[in-house]
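Below: the structure, in structure tokens.
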Amino acid sequence: MSTKKSESKQKENKYQNSGEASLSNRAFTIPNIICLIRILLITPFVEFFLDGDYLWAALVIIASGLSDCFDGMIARKFNQESELGKILDPLADKLTLLAVGVCITIVEPFFLPIMIILVLKDILMLIGSSKVIKKGVLVPKSKWYGKVGTVMFYVTVTFIVFVKVMQSMEEPLIYIDESLGRIISTVMLSLTACMMIFAFIMYFFVYRDIMKKAESSAEHSASIMKQ
């Protein structure tokens, strides 16, 4: 009798696990749709910013940043985390940051150093992710330090765009001297750069540990096969 109950319990767990797996592999979840919307918002931001419509550009980037905060919360709260989401979320982040960085660098050349740091970090992380995938290991979720770096970037960009909006108005709501705005922007950019470097170092250790575990697992499997 106990054996039958045990078998029944195992089948039930199997069905539950398969249900969770199918859920995790769904493509059309709310967080994934939000990620796609964030990618689509890149085009209007670039158009508004380069045309000098800084107010609309600011609204677009604020909407993108807020949606970035909510998609992760929705995924965790409603159990809608997916393998596709693990790819789309950082992809939307990187494409948005790249587009925003290029636009601001065109208008404000002093933004170039952090743009270089951003591009180098993303290239190196892309190389690390490709190596992890080749080992047959799933790419890890975004960590808190990566998210903090992203939020700091959005805040810095929003401030720079806000200064542009105020300076372009005949009667600004808040007067911001150009030199003061430049100093504050530089400090914020420096802090953001430091956070991005810290995030890269932490991700380096994460990917290194994953690679070590994958290699040791492969060696263990090979030794079993030989036996």
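The values are calculated or read from the model by the stated rules, or taken from the named source; none is laboratory data. The model shown is predicted, which means the values in this text are computed figures rather than measured ones. All Cβ positions, even for glycine, are placed from backbone atoms using ideal geometry, and neighbour counts span all protein chains on display. Surface accessibility is based on the protein's heavy atoms, side chains included, excluding ligands, DNA and RNA. Shrake-Rupley method; radii C 1.70, N 1.55, O 1.52, S 1.80 Å.
For beta carbons closer than 7 Å, sequence separation of 6+ or different chains, a first residue in the stretch 111-126 that is closer than 16 Å to residue 90 by Cβ and in contact (Cβ under 8 Å) with a residue 12 or more places away in the chain and a second that is surrounded by fewer than 19 Cβ atoms within 10 Å (Cβ to Cβ) and not polar (S, T, N, Q), the qualifying pairs are 122/94. Among the numbered conditions (1) aliphatic (A, V, I, L, M); (2) buried (at least 18 other Cβ atoms within 10 Å of the Cβ); (3) modelled with pLDDT under 85; (4) farther than 19 Å from residue 189 by Cβ, the only one that residue 58 does not meet is (4).
The requirement of being among the charged types (D, E, K, R), surrounded by 14 or more Cβ atoms within 10 Å (Cβ to Cβ) and over 22 Å from residue 29 (Cα atoms) is fulfilled nowhere in the stretch 94-103; no residue meets it.
Spot the failing condition for residue 164; the list is (1) open to solvent by 70 Å² or more (accessible area, probe 1.4 Å); (2) at pLDDT 80 or above, and only one is missed. Residue 164 satisfies all of (1) open to solvent by 70 Å² or more (accessible area, probe 1.4 Å); (2) at pLDDT 80 or above except (1).
Count of the stretch 76-105 residues, restricted to those that are among the basic types (Lys, Arg) and closer than 17 Å to residue 42 by Cα, is 1. Look through the stretch 138-149, keep the residues that are part of a loop (DSSP other than H, G, I, E, B) and either open to solvent by less than 50 Å² (accessible area, probe 1.4 Å) or of a type in the set (Ser, Thr, Tyr) (or both), and return whichever of them is modelled with the highest pLDDT. Looking at residues that are part of a loop (DSSP other than H, G, I, E, B) and either open to solvent by less than 50 Å² (accessible area, probe 1.4 Å) or of a type in the set (Ser, Thr, Tyr) (or both), I get 142. Taking the stretch 167-183, which residues are part of a helix (DSSP H, G or I), surrounded by fewer than 16 Cβ atoms within 10 Å (Cβ to Cβ) and without any contact (Cβ under 8 Å) to a residue 60 or more places away in the chain? Residues satisfying the conditions are 167, 178, 179, 180, 183. Take residue 193 and tell me if it is part of a helix (DSSP H, G or I), modelled with pLDDT under 80 and more than 20 Å from residue 55 (Cα to Cα). Judged against the criteria, residue 193 is not a match.
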